[in-house]
Amino acid sequence: MAPRCRHKRRQHRVTRLLDEEFLGAIDRASEDHDIIAACVCRNEIDRLQSWLAHYRAIGVGCFAVIDNGSDDGTHEYLAAQPDVILTRTTASFAAANCGMDWINAVRARISRRIWLLYTDADEQIVYRGWPERPLADLCREAESEGANTIFAFMLDMYPDGPVESGQPEEGRDLTEIAPLFDSEYHFRLRPVKPWRHPDGWVEVVGGPRVRLMSSLQREAKSSWRTYWLRGQSDRVLPRVPRRFLPLALRALPTQMPVLAKYPLVRTQTPVHYAHNHVVFGGNVFRESAVLLHFKFLADFAARVHREVERGEHYNGGAEYVLYADMIRRNKGMDLRYPGSVQFRGADQLIEMGLIRDLTDFGEYPIPANAA
C-alpha cells in the first residue's frame, strides 16, 4: 500500500478516537481565525501561562489543546481559558505516533485554508520582526511566495545556574527563568548516500544536549554512514524489553536529538506531518524561524524519570533513558559553558545566523514532491 494511502487510513482511524465535538469546534473557529495553535500536552502547568502569553502577544487568538491525561492542574487551568478549545484523552501517546496522529486529525478536520501552528508547551516561536510583527504577517509572506510550511529548529534554553535553579514563577516569562543558549550551531543539508540525489532537508546540529552526549565538531562531520549505523537502532529498540533498554542503548550507536521542526503548516494543502520532525507535501518557506525550547527547567530530572517509567516516547522513551544517564553523570547539572549567551531577541538570532535565509541550501520554496 502506498504511504499516502496508509496515512489516510491511519488518520481516519485516529480521527474517530478524538472527540467530534472538539474537532467540530476547531473547524467552526477557523471561520474567525487565520491561525489556530495546536498542542498535545501532559502535566505542563508550569509552562502554559508563558506559552499562552507568548502566542497571544503575536496575535494567535485560538488554541486547540489535547490534554493527554494530565494530573497536575493542567486540564483545569486550560478549561478556564476562554480562547482554548480543549479535549482530554488517556489514549497511548506512543500509539498515536507520539501525538502526531492527533495533530494530523486536527489539521485534516479544518475545512478552511488557514495556518495551523503546532508546538509543544515548552516551545515558543521567534522569527524576523518578533515580537512587534504579528505571526499572521509572517504567514502571509510565506503564502505569497507559494510556501505551505515554515522550518524552525529547537534552540535549547537553560538557566544562568544549575538546571534545578530554573523554577518557573507566575507572571514571569520563561526567558527570564532560562535566559541562556549555546552560541554554536551548524546548519547543513542532511547527508544522503552518494548515489542518491540530495533531498533538500536542512538539519541543525548543536546545543547543550549534543555537547553532553557527543560534540558539535563530531556531529557536524557525521556522514550518511553515521546516520545509517544509528538508524539500525530503530530496527532493534522496538524489539527490546523495556527493562533491557538501558543496556541496549549502551551497546548501540547513540542517536542525537533531532532539532528540526515545521511548526507552521497550511491546512487544505498537501502538507502533513510524518512525525514530529518531518512533513510530507511541504513547500518550505525560504526563511527559518527558531523555537525557544524550555526543556531544561527545575523539573527536568523529575520529568525524565517519569517518562522513562512511562515509556511513551519514541522507541519506548530511549531518548529519556539517555537523559537519565546524562543526569547521573552530571550531578547538579549546569549547562553553562564559555559559549553561552543571553537571549536578547530576534535581531540577535539573525546576527548569529540562527534565523537565516535557507536559499543558501538550494531553491526555495522546496517543491512538494521533494519534501
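The values are calculated or read from the model by the stated rules, or taken from the named source; none is laboratory data. This structure is a prediction, so every number in the text was calculated from the model and none was measured. As a convention, Cβ positions derive from the backbone with ideal geometry for all residues, glycine included, and neighbour counts pool all protein chains shown.
Among the residues in the stretch 88-104, are any buried (at least 18 other Cβ atoms within 10 Å of the Cβ), charged (D, E, K, R) and within 16 Å of the chain's Cα centre (by Cα)?
Checked against the condition, which is being buried (at least 18 other Cβ atoms within 10 Å of the Cβ), charged (D, E, K, R) and within 16 Å of the chain's Cα centre (by Cα), the stretch 88-104 yields at least one hit.
Does the stretch 238-252 include one or more residues that are farther than 25 Å from Val304 by Cβ and not hydrophobic (A, V, I, L, M, F, W, C)? Can you show your working first?
Within the stretch 238-252, the first condition is being farther than 25 Å from Val304 by Cβ, and the residues that meet it are none.
So far as the stretch 238-252 goes, no, none of its residues is farther than 25 Å from Val304 by Cβ and not hydrophobic (A, V, I, L, M, F, W, C).
Anything in the stretch 122-138 that is in contact with a strand residue (DSSP E or B) (Cβ under 7 Å, 6 or more places away or on another chain) and buried (at least 22 other Cβ atoms within 10 Å of the Cβ)? List them, or say none.
Of all residues in the stretch 122-138, those in contact with a strand residue (DSSP E or B) (Cβ under 7 Å, 6 or more places away or on another chain) come to 122-128, 135-136.
Within the stretch 122-138, Asp122, Glu123, Gln124, Ile125, Val126, Tyr127, Leu135 meet the criteria.
Out of Ala37, Ala121, Ala53, I need the residue that is modelled with pLDDT of 95 or more, in a loop (DSSP other than H, G, I, E, B), of a type in the set (A, V, I, L, M) and closer than 19 Å to Ala289 by Cβ. Which one? Give the steps one after another, and end with the answer.
On the way: Ala37 fails: in a loop (DSSP other than H, G, I, E, B); Ala53 fails: in a loop (DSSP other than H, G, I, E, B).
Answer to the check: Ala121.
Take the conditions of a type in the set (Phe, Trp, Tyr) and at pLDDT below 95 and apply them to Phe151. Does it pass? Before the answer, list the steps.
On the way: of a type in the set (Phe, Trp, Tyr): yes; at pLDDT below 95: no.
No.
Looking only at the stretch 290-337, filter to residues that are modelled with pLDDT under 90 and of a type in the set (Gly, Ala, Ser); which one of those is surrounded by the most Cβ atoms within 10 Å (Cβ to Cβ)?
Result: Ala318.
Filter the stretch 351-371 down to the residues that are at pLDDT 95 or above and surrounded by 18 or more Cβ atoms within 10 Å (Cβ to Cβ), then identify the one that is farthest from Val271 (Cα to Cα).
Leu354
Are any of the residues in the stretch 260-269 closer than 16 Å to Ala324 by Cα and more than 20 Å from the chain's Cα centre (by Cα)? Spell out the reasoning first.
Going residue by residue through the stretch 260-269, those that are closer than 16 Å to Ala324 by Cα are none.
Checking the stretch 260-269: not a single residue is closer than 16 Å to Ala324 by Cα and more than 20 Å from the chain's Cα centre (by Cα).
For the stretch 232-289, which residues satisfy the criterion of being among the β-branched types (Val, Ile, Thr), surrounded by 19 or more Cβ atoms within 10 Å (Cβ to Cβ) and closer than 16 Å to Arg107 by Cβ?
Val265, Thr267, Val271, Val279
Got a sec? Which strands (runs of 3 or more DSSP E) wholly within the stretch 145-216 have at least 2 residues that are farther than 14 Å from Gly339 by Cα, touching a Pro at 6+ places or on another chain (Cβ under 9 Å) and in contact (Cβ under 8 Å) with a residue 40 or more places away in the chain? Lay out the reasoning, then the answer.
Details: elements: 149-158, 180-182, 185-189, 202-206.
The qualifying strands (runs of 3 or more DSSP E) are 149-158.
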